Amino acid sequence: GAHQAARAARAMALPPSVWRTGSGGDGPPAMTTSDTVGDVVSDVDSFRCGDAVVAVRDLRVRGCVVVRVGCRGGVVGPASSSGRICVQFEHREDLSDNRLNCLPEELRHVLVGGHQVGVRVRAARPLETSRGRTIAPGMPGIIVGPARDPLEQGRRLLVRFALSSEEIVEEIVCDPDDIETAIAGNFRRGNAVIATRDLRVGGAVVVREGVLGSVIGPSSSDSQHRITVSFSHREDGSRNRLNCVVNEIRLYLASGLEIGARVQVGRTVTLHDGHPAVPGGTRGTVVGPSADEPLIKVLVRLDSPLTFGGPSEREIRADDLQLVIAGGFRRGESVSAAKDLRVKGVVVVKQGVVGTVVGQSATDPSGRVTVAFARREDGRCNNLNVVPAEITRLPCTGGLVPGDRVAALRQLLVVPRGAYGSVLGPSCARSSRVAVRFAPVDDTEEEVVLHVEPEDLRALHAVGEDVDESGPELGTDGDEMTEDVVRTPVAGGYDRGDTVAATRDLCVRGKVVVRANVIGTVVGPSGDDPTGRVTVAFSWREDGKTNNLNVVTSEIRKVEPRSVARGELCAICLGELLVDGGASEAAEGDGADDTAQDDGAHENPPEEGPPPPPPRCEDICRMPCGHVLHAGCIRSYLNHQTQNAGRMSATQATNSVAALAPLKPAQCPVCRRDVLP
């Protein structure tokens, strides 16, 4: 081992021209890179007595195959003939027990952990050398062979490392867990990646841009430049893996985060790993995906871990993190250009054009914002990096702004009165509404996004105010929450949220826009005539519009919630809406047989037992369109339809337009109409 290290060290001192020509007697015959670790060349000196080897091809004697490829054996020692190795194989095709003299290129070491000689690796943890030097984690190395000690040959490896600070080569004996295979681009086995462009084989596209994949390891054909990836979908239907160049893939992180992104913990996070909780407001930098849950969590290096204890790098759910974007903007927030935006003197975005905040600028995360504008003058679809002064926020109706914390003033479908939420932005369905993400009341529920009227919300005192997330704050007597808002009475004695139906066809400028008996929801008093008219959001309009309608009280009638009949099914889970109140209890007996008397009659007729319990109705939700579903089913359905970017597929996450997905209202699973409570 020391002789090989000395030879490698002398070879590294030679100029590359000597390596290429092979004129240096002490240098290796061929060096593929200028890496200071060098390469490992199989020769007679690289094999030792007792080494476990395997044949890399069929071995022949006088033209006949005597050892098949893959057959294992043990090195006995050097052969009598120069340049060969004497090997005792476990099985020979001619059934002979003779040893075989093999060339070095006909053999390959069998190493613990499935490693191979010549494979480039890196240290997985700090290692100590025999000279007292330290091999830092991540330092590159190359596997030389098995450990030279006969007692350790089958369980340890000999690895050559080059110390970067000193041009010295060290060969140390390592356990398989001390090293990990080095993959081009600093990827690791199991990393989730996505294709950065359409990948082609023979001119045909086999993997589309944005398809998710998993890193298998370095390519066997070109380990220094290519990576073997198993993609979740291929256009040709094949399940073969693909050898990709480094720039053809990129690491996928949950919620579309990127390595190096500045983030802030949105709430106090308890990680259940024995370390103290991370308080809300703590900032840090994303350094990579989680090792255990790469599609849900990311590894964050915290700025000030000493203030609350624990390690500086923690695995945190991406949903609990917020991007720290210049100007205080939030991802998915709607903005507009404050002036004409130019690139190289040419106007590419006109003043007033609406856009969506995608995230931090990759080139200047602390000073610029990446925005996806709805229209560009040059016809391109690229995002634009702008300074905060070049864009303005789009205010929501009701004086709300994205990020405001609110509470529901009434029951909104499956959201109970008093539930807390966060304003996402203006509704794309109706300009009079805002999109709000409501947090679950308990661990058994899921968050949902609803498009609601501002009058149904109570704005909390300040953005970022500490709010108890345990559930609605209701008085013991069920009274309304304390508020300083005086609600205007609605004409006809109606209340906000009442379900009504049109008493006749309703016309606007002579055209029928709402048919008789169409269901609607009372929004509030009309702004033009609050004492005589009522604003109603009907579930269906003949002209296809979604505007509310101002009607007189005689044009609508209050509709009582219809009763649910036995046998009605939930359209989502196909379970019955009515379930039996309980199983009938068995009658208590004294152990006697219940046979009839001989005379066929009882002297005293038995008393009738209590009637069976009536069927009870599970928690149900009456949709604005009139359909009735299980409350739990509709909450899960709404959560699935209004999922945020952090739970999107990899293809959607790469598209900046996907940031608008939470602002699109969910639809009824039966009639496909927008769910607007």
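From the residues in segment 401-445 that are within 12 Å of Asp456 (Cβ to Cβ) and among the charged types (D, E, K, R), which one is farthest from the chain's Cα centre (by Cα)? Once the filter is applied, the top-ranked residue is Arg410. A single entry from Arg496, Arg515, Arg458 fulfils the requirement of being charged (D, E, K, R), modelled with pLDDT of 85 or more and closer than 18 Å to Arg417 by Cα: Arg458. Might you let me know whether segment 245-265 holds any residue that is open to solvent by 20 Å² or more (accessible area, probe 1.4 Å), basic (Lys, Arg) and in contact (Cβ under 8 Å) with a residue 60 or more places away in the chain? Among the residues of segment 245-265, at least one is open to solvent by 20 Å² or more (accessible area, probe 1.4 Å), basic (Lys, Arg) and in contact (Cβ under 8 Å) with a residue 60 or more places away in the chain, which makes the answer yes.
Just the residues that are surrounded by fewer than 16 Cβ atoms within 10 Å (Cβ to Cβ), of a type outside the set (S, T, N, Q) and farther than 30 Å from Ile179 by Cβ, please, taken from segment 72-92. Gly83, His91 - these are the residues of segment 72-92 that are surrounded by fewer than 16 Cβ atoms within 10 Å (Cβ to Cβ), of a type outside the set (S, T, N, Q) and farther than 30 Å from Ile179 by Cβ. Scanning segment 289-299 turns up no residue that is more than 16 Å from the chain's Cα centre (by Cα) and surrounded by fewer than 16 Cβ atoms within 10 Å (Cβ to Cβ).
Every listed requirement among (1) assigned to a strand (DSSP E or B); (2) open to solvent by 50 Å² or more (accessible area, probe 1.4 Å); (3) of a type in the set (D, E, K, R) is met by Glu171 save one, (2). Can you say whether Thr181 is within 17 Å of Met139 (Cβ to Cβ), open to solvent by less than 60 Å² (accessible area, probe 1.4 Å) and in contact (Cβ under 8 Å) with a residue 24 or more places away in the chain, as far as the supplied structure shows? Against the criterion (within 17 Å of Met139 (Cβ to Cβ), open to solvent by less than 60 Å² (accessible area, probe 1.4 Å) and in contact (Cβ under 8 Å) with a residue 24 or more places away in the chain), Thr181 qualifies.
From the list Pro140, Pro146, the one residue that fits, being over 22 Å from Ile259 (Cβ atoms), touching a residue at least 40 places away in the same chain (Cβ under 8 Å) and not small (Gly, Ala, Ser), is Pro146. Of all residues in segment 273-285, none are small (Gly, Ala, Ser), assigned to a strand (DSSP E or B), open to solvent by 40 Å² or more (accessible area, probe 1.4 Å) and touching a strand residue (DSSP E or B) at 6+ places or on another chain (Cβ under 7 Å). If I filter segment 319-341 for residues that are open to solvent by 50 Å² or more (accessible area, probe 1.4 Å), under 30 Å from Gln351 (Cβ atoms) and without any contact (Cβ under 8 Å) to a residue 12 or more places away in the chain, do I get at least one hit? Looking for residues that are open to solvent by 50 Å² or more (accessible area, probe 1.4 Å), under 30 Å from Gln351 (Cβ atoms) and without any contact (Cβ under 8 Å) to a residue 12 or more places away in the chain, one finds at least one in segment 319-341, hence yes. The set of residues from segment 90-115 being under 19 Å from Pro150 (Cβ atoms) and part of a strand (DSSP E or B) comprises Leu107, His109. Among the conditions (1) surrounded by fewer than 21 Cβ atoms within 10 Å (Cβ to Cβ); (2) under 25 Å from the mean Cα position of the chain (by Cα), Thr356 misses just one, which is (1).
Residues that are among the polar types (S, T, N, Q) and modelled with pLDDT under 85 were ranked within segment 362-395; the one that is nearest to Leu321 (Cα to Cα) is Ser366.
You will find that of Arg208, Arg188, the residue that is in contact (Cβ under 8 Å) with a residue 12 or more places away in the chain, closer than 29 Å to Pro137 by Cα and open to solvent by 10 Å² or more (accessible area, probe 1.4 Å) is Arg188 and no other. Which residues, taken from segment 333-384, are in contact with a strand residue (DSSP E or B) (Cβ under 7 Å, 6 or more places away or on another chain), in a loop (DSSP other than H, G, I, E, B) and at positive phi? Within segment 333-384, Gly352 is the sole residue that qualifies.
Applying the condition of being without any contact (Cβ under 8 Å) to a residue 40 or more places away in the chain and under 28 Å from the mean Cα position of the chain (by Cα) to segment 373-400 and asking which residue is least open to solvent (accessible area, probe 1.4 Å) yields Phe373.
Residues that are aliphatic (A, V, I, L, M) and touching a helix residue (DSSP H, G or I) at 6+ places or on another chain (Cβ under 7 Å) within segment 339-386 comprise Leu341, Val358, Val369, Ala372, listed in sequence order. Among residues of segment 213-233 being in a strand (DSSP E or B) and open to solvent by 50 Å² or more (accessible area, probe 1.4 Å), the one that is nearest to Asn247 (Cα to Cα) is Arg226.
When every residue of segment 518-526 is checked against the conditions, none turns out to be surrounded by fewer than 14 Cβ atoms within 10 Å (Cβ to Cβ) and modelled with pLDDT of 85 or more. Annotation note: of Ile556, Ile519, Ile572, the sole residue that is farther than 22 Å from Val414 by Cβ and β-branched (Val, Ile, Thr) is Ile556.
The values are calculated or read from the model by the stated rules, or taken from the named source; none is laboratory data. For clarity, every value in this text was computed on a predicted model and none was experimentally measured. Cβ: placed from backbone, ideal geometry, glycine included. Neighbour counts: every protein chain shown. Heavy atoms of the whole protein, side chains included, go into the accessibility calculation; ligands, DNA and RNA do not. Shrake-Rupley method; radii C 1.70, N 1.55, O 1.52, S 1.80 Å.
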